[in-house]
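The values are calculated or read from the model by the stated rules, or taken from the named source; none is laboratory data. This structure is a prediction, so every number in the text was calculated from the model and none was measured. Here the Cβ is made from the backbone with ideal geometry for all residues, glycine too, and neighbour counts use every protein chain on show. Accessible surface areas use protein heavy atoms only, side chains included; no ligands, DNA or RNA. Shrake-Rupley method; radii C 1.70, N 1.55, O 1.52, S 1.80 Å.
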Amino acid sequence: QVQLVESGGGLVQPGGSLRLSCATSGSILSMNVMGWYRQAPGKQRDRVASISLGARTNYADSVKGRFTISRDNAKNTLYLQMNSLKPEDTAVYYCYANLASREYWGQGTQVTVSS
């Protein structure tokens with residue numbers, strides 16, 4: 001069983017930055033894929049960014065050039081650095097992990113971009 005705990009969400013003005021963290025209960029190097037998803041009210045949950053075991057990254061078009069996904073293997077923590085935030089980035093952000101074909105999700109952290 002893998003536990004994922006997100007942190008770092010909050011209220012930020014347009015153009016601002018936030019860094020989300022996702023602490024894992026297991027070795028991050030055992031995860032096939034890890035990533036971040038987000039869900040705005042009344043909308044489906046969409047993938048924001050992902051990183052494979054080989055450190056290949058992938059981003060949604062809407063966040064390319066603004067968001068960066070990374071991981072700290074020693075701390076077993078996944079990050080999402082979010083810059084130039086826009087009101088449309090407002091959502092609950094979820095950490096995701098795939099381990100041995102099983103999916104795991106965090107509880108989510110709220111990000112609100114508003115002036």
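Quick check on my filter: what residues within region 1-39 are more than 18 Å from Ser101 (Cβ to Cβ) and of a type in the set (Val, Ile, Thr)?
Selection gives Val5, Val12.
Which one is farthest from Gly16 (Cα to Cα) among residues in region 77-89 that are assigned to a loop (DSSP other than H, G, I, E, B) and open to solvent by 40 Å² or more (accessible area, probe 1.4 Å)?
Here the answer is Lys86.
Can you tell me how many residues in region 22-73 are of a type in the set (D, E, K, R), open to solvent by 50 Å² or more (accessible area, probe 1.4 Å) and closer than 18 Å to Gly106 by Cα?
Within region 22-73, residues that are of a type in the set (D, E, K, R), open to solvent by 50 Å² or more (accessible area, probe 1.4 Å) and closer than 18 Å to Gly106 by Cα number 4.
For region 10-23, enumerate the residues that are farther than 15 Å from Val48 by Cα and under 16 Å from the mean Cα position of the chain (by Cα).
Gly10, Ser17, Ala23 - these are the residues of region 10-23 that are farther than 15 Å from Val48 by Cα and under 16 Å from the mean Cα position of the chain (by Cα).
For region 82-96, indicate whether the set of residues that are touching a residue at least 12 places away in the same chain (Cβ under 8 Å) and acidic (Asp, Glu) is non-empty.
Among the residues of region 82-96, at least one is touching a residue at least 12 places away in the same chain (Cβ under 8 Å) and acidic (Asp, Glu), which makes the answer yes.
Just for region 48-68: of the residues that are assigned to a strand (DSSP E or B) and more than 19 Å from Val113 (Cβ to Cβ), which one is modelled with the lowest pLDDT?
Only one residue tops the list, namely Ser52.
I want to confirm something. Restricting to region 92-115 and keeping residues that are in contact with a helix residue (DSSP H, G or I) (Cβ under 7 Å, 6 or more places away or on another chain) and surrounded by 19 or more Cβ atoms within 10 Å (Cβ to Cβ), which single residue is nearest to Gly26 (Cα to Cα)?
Ranking the candidates gives Val111 first.
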